[in-house]
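Have a look at the structure below, then the notes.
Every number here is computed from the coordinates shown, using simple stated rules; none is lab data. The model shown is predicted, which means the values in this text are computed figures rather than measured ones. Heads up, the Cβs are rebuilt from the backbone with ideal geometry, glycines too, and the neighbour counts pull from every protein chain shown.
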Amino acid sequence: MQHTYGPVLRNSTYKKIIDDKMMVIYITTWGATSRSPRKEVNVNDFSEHGQRCRERASLECERHFFGHNREDTMDVEGAIAKMKLSKRKMATLHLDKRPVCKNLS
């Protein structure tokens, strides 16, 4: 069964992957707390390997969420990522108040 939150989470995930800044685990200070510390980093400051990993994550996200089937990311091709939803899923998304954070009372 598809959940109403699916498209919302997919879009949110994709936007975070392609954003110019990304929260990464800051390994240098790990151990000071029980949670993994995070730090916002500009993706242009990533190593070559890090940039390639981000590109692959973006490409896989586009393939799984948006039906992209090429070897270059949609950004490189100038395409816009648009989720394909059936009329039923679209209606469910519009009628359910939870994805837009409306008060359910």
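Of all residues in segment 38-54, which are out of contact with any strand residue (DSSP E or B) (no Cβ under 9 Å at 6 or more places or on another chain) and either of a type in the set (A, V, I, L, M, F, W, C) or surrounded by 13 or more Cβ atoms within 10 Å (Cβ to Cβ) (or both)?
Start the filter on segment 38-54 by keeping residues that are out of contact with any strand residue (DSSP E or B) (no Cβ under 9 Å at 6 or more places or on another chain), which leaves 44-45, 47-49, 51-53.
Across segment 38-54, the qualifying residues are Gln51, Cys53.
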Listed by first then second residue, the pairs whose first member lies in segment 59-72 and is farther than 16 Å from Gly6 by Cβ, whose partner is assigned to a helix (DSSP H, G or I) and among the charged types (D, E, K, R), with beta carbons under 8 Å and at least 6 positions apart or on separate chains, are His68/Glu62; Asn69/Arg63; Arg70/Glu77
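Counting only residues that are of a type outside the set (Val, Ile, Thr), assigned to a loop (DSSP other than H, G, I, E, B) and closer than 25 Å to Phe66 by Cα, how many does segment 1-52 have?
So in segment 1-52, the residues of a type outside the set (Val, Ile, Thr) come out as 1-3, 5-7, 9-12, 14-16, 19-23, 26, 30-32, 34-40, 42, 44-52.
Next, from what is left, pick out any that are assigned to a loop (DSSP other than H, G, I, E, B): 1-3, 19-20, 26, 30-32, 34-37, 46-47.
Keeping just the survivors that are closer than 25 Å to Phe66 by Cα gives 1-3, 19-20.
Counting residues in segment 1-52 that are of a type outside the set (Val, Ile, Thr), assigned to a loop (DSSP other than H, G, I, E, B) and closer than 25 Å to Phe66 by Cα gives 5.
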